[in-house]
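As structure tokens, the structure follows; a few thoughts come after it.
The values are calculated or read from the model by the stated rules, or taken from the named source; none is laboratory data. This is a predicted model, so every value here is computed, not measured. All Cβ positions, even for glycine, are placed from backbone atoms using ideal geometry, and neighbour counts span all protein chains on display. Side chains included, ligands, DNA and RNA excluded: accessible areas come from the protein's heavy atoms. Shrake-Rupley method; radii C 1.70, N 1.55, O 1.52, S 1.80 Å.
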Amino acid sequence: MFGRFVPKMRLASTDLHVPYHRLCSTYPKLLVVPQYYQDEQLSKVAKFRKSGRVPAVVWRDQNSGCVIARSSQPQVGVWNWREREDEKLLEDILRTCTSKNCKQLLILDLRHYTAALANKAARGGGYEYEDYYQCCEVQFKGLPNIHAVQKSFVSLRSLIAEVDSNSFFSMLEQSHWLEYISQLLQVTNQVVEAVAVHARPVLVHCSDGWDRTSQVVSLAELLLDPYYRTIEGFQVLIEKEWLAYGHKFADRCGQSNCSSSELSPVFLQWVECIIHVTRQFPTAFQFNESFLILYTAPG
């Protein structure tokens, strides 16, 4: 999966030289980072990002050099702590873009602004403070969290089980399922336009960076790169952006001993987004809706 990158990047190992210590236990063993960004600097960034999930490049446009990167939220807390190496990492990611018109990195925080503030106050998290990250523009996209998606799915499932033709469409609207699908597609389209049309690199994150971030980043890659619209590429995409980057499949699908609050059909929601795209552009894919239904069916 790293063969699709071009110069100005290098592979960094998440296995540090300290015995039995990993930079991030929920990341792949190899990350793509700017060429001259050193492991010691990356170690400092890992302490600043939640769960050590540092900004890592996952896709690069071969024409403009613009990249898509992903991470978790920075841990700025109520005191607006900063980490210069984190700021420098984003500056270096911006410099890898070969387009002369590229002057700012776009950070898409997939949460509501109020949710980001709540994380900042209660959990020591937060978002990139633009006075510190002067090379970046931060936008909050307001995608629903796992609890809202689960609540929507329960409403949708109840609706399908007890069909009442007189109120079906109003109840479907009240479930917010299609509204959430639409929001996810719109945010993904913004990532695609930023990279492919405006030649602008993008960093995507939410709180932890393994739910909404996986959805948006992998869907954007699917739209941008025809390889991921092949059967082989689709499997690689799931392995790369969902498995390797730590999506909690067992917890979200109820296959572990976790709390029921961890349940959420995040992956299923992503697959439905792809189904809508395949219906609009069937010849752009090597697979179809039937394949996706079989792929996600239990057993």
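For the pair Trp79 and Ile293, how long in nm is the line joining their label points, each one 7 Å along Cα→Cβ?
Reported label-point gap for Trp79 and Ile293 is 5.7 nm.
In what order, largest first, do Ser170, Ser64 sit by accessible area if the probe radius is 1.4 Å?
Order by accessible area, largest first: Ser170, Ser64.
Using the Cα centre of segment 78-233 as the reference point, and only Cβ charges (+1 on K/R, -1 on D/E), how large is the resulting charge dipole? Debye, rounded to the nearest 20. Don't skip to the end; give the middle numbers.
On the way: 15 positive and 21 negative charges, 30 e Å.
With Lys and Arg at +1 and Asp and Glu at -1, about 140 debye.
List every residue whose amide H lies under 5 Å from the amide H of Tyr127, counting only residues 5 or more places away in sequence or on a different chain, with H placed 1.01 Å from N in the peptide plane.
So Tyr127 has HN proximity to Val76.
Taking GluC sites (Glu not before Pro) as candidate sites, keep only those in a DSSP loop with at most 13 other Cβ atoms within 10 Å, then name the longest stretch of the chain containing none of them.
Result, exposed sites excluded: 163-299.
Determine how large the accessible area of Ile160 is when every protein chain is in place; take a 1.4 Å probe and give Å² rounded to the nearest 10.
Per-residue accessible area (Ile160): approximately 110 Å².
How large a share of the accessible area of segment 34-148, in percent, is made up of carbon and sulfur atoms when the probe is 1.4 Å and the other protein chains stay in place? Before the final figure, lay out the partial values.
Details: 2470 of 5190 Å².
C and S atoms contribute 48 percent here.
With +1 on the Cβ of every Lys and Arg and -1 on the Cβ of every Asp and Glu, and nothing else charged, how large is the dipole of the chain about its Cα centre, in debye rounded to the nearest 20? Kindly include the intermediate steps, with their values, before the conclusion.
On the way: 31 positive and 31 negative charges, 132 e Å.
Rounded to the nearest 20 debye, it is 640 debye.
Give the accessible area for Ile231 in Å² (nearest 10); use a 1.4 Å probe, count only protein heavy atoms, and leave out ligands, DNA and RNA.
60
Would you mind working out the accessible area per residue for the chain, using a 1.4 Å probe, and quoting it in Å²? Can you show the working numbers first?
Numbers: 14570 Å² over 299 residues.
Accessible area per residue, the chain: 49 Å².
Rounded, prolate or oblate: pick one for segment 94-152, where a ≥ b ≥ c are the square roots of the eigenvalues of its C-alpha gyration tensor, a/c under 1.5 means rounded, and failing that, prolate if a/b is larger than b/c, else oblate. Walk me through the intermediate numbers first.
On the way: a/c = 3.69, a/b = 1.81, b/c = 2.04.
Oblate, since a/c reaches 1.5 and b/c is not below a/b.
Tell me the carbon and sulfur percent of the accessible area for segment 210-299, rounded to whole percent, probe radius 1.4 Å.
Details: 2250 of 4080 Å².
Result for segment 210-299: 55 percent of the exposed heavy-atom area is carbon or sulfur.
If you keep only loop residues by DSSP, which chymotrypsin sites (Phe, Trp or Tyr not before Pro) in segment 18-78 have at most 14 other Cβ atoms within 10 Å of their Cβ?
On the way: sites: Tyr20, Tyr36, Tyr37, Phe48, Trp59; in loops: Tyr20, Tyr36, Tyr37.
Of the chymotrypsin sites (Phe, Trp or Tyr not before Pro), the ones in loops of segment 18-78 whose Cβ has at most 14 other Cβ atoms within 10 Å are Tyr20, Tyr36.
With a 1.4 Å probe and every protein chain kept in, tell me what percent of the accessible surface of segment 153-195 is carbon plus sulfur.
Values: 1410 of 2610 Å².
The computed percentage sits at 54.
How big is the Cα convex hull of segment 72-178 in projection, averaged over all directions, in nm²? Can you show the working numbers first?
Values: hull surface 38.0 nm².
One quarter of the hull surface, i.e. the mean projection, equals 9.5 nm².
Enter the mean projected area of the convex hull around the alpha-carbon atoms of segment 142-251, in nm², rounded to one decimal.
On the way: hull surface 34.4 nm².
Averaging across all directions leaves 8.6 nm² for the Cα convex hull.
Would you mind giving the average projected area, over all directions, of the Cα convex hull of segment 18-106 in nm² with one decimal?
Details: hull surface 26.2 nm².
Projected area, direction-averaged: 6.6 nm².
Rounded to the nearest angstrom and ordered from largest down, what semi-axes does the equivalent ellipsoid of the chain get from its C-alpha gyration tensor (root of 5λ)?
Details: eigenvalues 199, 101, 72 Å².
Taking √(5λ) for each Cα gyration eigenvalue gives 32, 22, 19 Å.
For Lys103, list the lysines whose Cα falls under 30 Å from its own Cα; do not include residues on the same chain fewer than 8 positions away.
Lys8, Lys44, Lys47, Lys50, Lys88, Lys120, Lys141, Lys240
Compare the Cα positions of Ala69, Ser43, Tyr180 along the charge dipole of the chain (+1 at Cβ of Lys, Arg; -1 at Cβ of Asp, Glu; about the Cα centre) and return the one farthest towards the positive end.
Comparing the listed Cα positions along the dipole, Ser43 ranks first.
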